[in-house]
Amino acid sequence: MQALTEPPAPEPPSAPSLWRVFLLWVQVGVQSFGGGAATLTLIRQMAVVREEWLTDEQFMMDWALCQITPGINLIAFAILIGRRTNGIPGALLALAGLLVPSALLTIGMTAIYRQVQSLPVTQRVLQGLIPAAIGLGLVTAYNMGKPLTQAGIQDGWAIATLTILLLLSSGAVMLLKPAPSVVEVLAFGGLLFALANLIRHRWSNQAP
Amino acid sequence: MEQSSPMNPFALFLLTFKASLLSTGGFGNIPSLHRDLTTLRLVNDRTFAEAVAVGQVSPGPNGLWVVSLGYLVGGLPGALATVVAIAFPPLLVLVVRLVYRRVRNHPFVEGFMRGLSLAVVGIFVVVMWKLFVATGIDVKSTCVLIASIGLGLWGRIPVVAILALGAIAGLF
């Protein structure tokens, strides 16, 4: 009620309708293949350039937060941007818009795959498709590991050595039979580096 | 193809939810799900690899491969269970946003996040290797693997085009 008497505040452009938020995220969802840089560009075009929902700086900050959030980064990103424009309803509709239609399309694709699975031609396609998908998966692993390794190298030889050892050993233990549980290995890696980082900070604080 | 009866959707929900909650990124949940489902013999490496491949070809954010997996092991109920399971963990970003500003510079948090991510990468590579072995290693599959890594690292070609090239290579 009070807003009627207040001068127009210099706030970002008025909130889009929830329906529009939903539709725009549907578009992002069904247009993105394999996530990654192409999808980020798509989202930036929509949210920063066209709709002016947030600035480039906010875009990068939100994206960084999504890197440390559980689950699919892009969905978390949609949730954050949806929250910026329309609060919690916006967050939920952005989530639904990005996830539901593309998940239904994925179900459809898998159902079709099921039907043609046993055809010789499908099997031949898979003999090329699976290695390509795995190769792209390994590229993802490289892109995840690269900044971590660079950060390790910047932190001196001790952390750098620990980084390489953890990378190699966490993979190697999964080849053991029986392999340890994934959660155990992840927790071990996390605690190892938490302690190493505490020690490093204490040490560098005492150094002249 | 899996010969066993369709998997209980609720169990699939729980395993997917756990794996997604304890990892980040669309593929971060691969190690945990792979281990749980193959140890319980609910899925073999081959079907797992198919799910990753079909998921990659389908539109949507990275990580919907889980939905393909859900469909292959549990039919439509299984697929829907995985959709619900992957919808919730990203909502934690709203909590992360509030907490992060306060603790991001704490050495313990910073170190823990880094160690956890490193372990994810290490395990991830081994899982990818297992899936590759399960498809059958020959000259062609090895060439496609190396080419897709090279093109992926180069980054100038859309992911979907690399997958299409792989599929075409498979035909010949």
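The values are calculated or read from the model by the stated rules, or taken from the named source; none is laboratory data. These figures come from a predicted structure and were not determined experimentally. As a convention, Cβ positions derive from the backbone with ideal geometry for all residues, glycine included, and neighbour counts pool all protein chains shown.
Within the range B:76-130, the set of residues being modelled with pLDDT of 95 or more and of a type in the set (Gly, Ala, Ser) comprises B:Gly78, B:Ala79, B:Ala81, B:Ala85, B:Ala87. Would a scan of the range A:166-183 turn up a residue that is modelled with pLDDT of 90 or more and of a type in the set (D, E, K, R)? Checked the range A:166-183: no residue is modelled with pLDDT of 90 or more and of a type in the set (D, E, K, R).
For the range B:24-47, the count of residues that are facing chain A (nearest Cβ under 7 Å) and aliphatic (A, V, I, L, M) is zero.
Residues in the range A:71-84 that are at pLDDT 90 or above and either among the aliphatic types (A, V, I, L, M) or surrounded by 23 or more Cβ atoms within 10 Å (Cβ to Cβ) (or both): A:Gly71, A:Ile72, A:Leu74, A:Ile75, A:Ala76, A:Phe77, A:Ala78, A:Ile79, A:Leu80, A:Ile81, A:Gly82. Just for the range B:7-20: of the residues that are farther than 11 Å from A:Val182 by Cβ and surrounded by 18 or more Cβ atoms within 10 Å (Cβ to Cβ), which one is nearest to the other protein chains (Cβ to nearest Cβ)? Selected residue: B:Ser20. Tallying residues that are within 7 Å of chain A (Cβ to nearest Cβ) and under 21 Å from B:Val139 (Cα atoms) within the range B:154-164 yields 2. Looking only at the range B:25-52, which residues are under 13 Å from the mean Cα position of the chain (by Cα), farther than 21 Å from A:Val173 by Cα and modelled with pLDDT under 90? Correct list: B:Gly25, B:Gly26. In the condition set (1) within 17 Å of the chain's Cα centre (by Cα); (2) crowded, with 22+ Cβ neighbours inside 10 Å, B:Val126 is compliant with all but (2).
Name the one entry in A:Trp25, A:Trp19 that is under 26 Å from B:Leu22 (Cα atoms), more than 10 Å from chain B (Cβ to nearest Cβ) and modelled with pLDDT of 90 or more. First the steps, then the outcome.
On the way: A:Trp19 fails: under 26 Å from B:Leu22 (Cα atoms).
It is A:Trp25.
Considering the range B:129-145, and only residues there that are facing chain A (nearest Cβ under 7 Å) and of a type in the set (A, V, I, L, M, F, W, C), the residue that is surrounded by the fewest Cβ atoms within 10 Å (Cβ to Cβ) turns out to be B:Phe132. Whether a residue is within 18 Å of A:Asn143 (Cβ to Cβ), within 14 Å of chain B (Cβ to nearest Cβ) and aliphatic (A, V, I, L, M) was assessed, and A:Ile72 passes this test.
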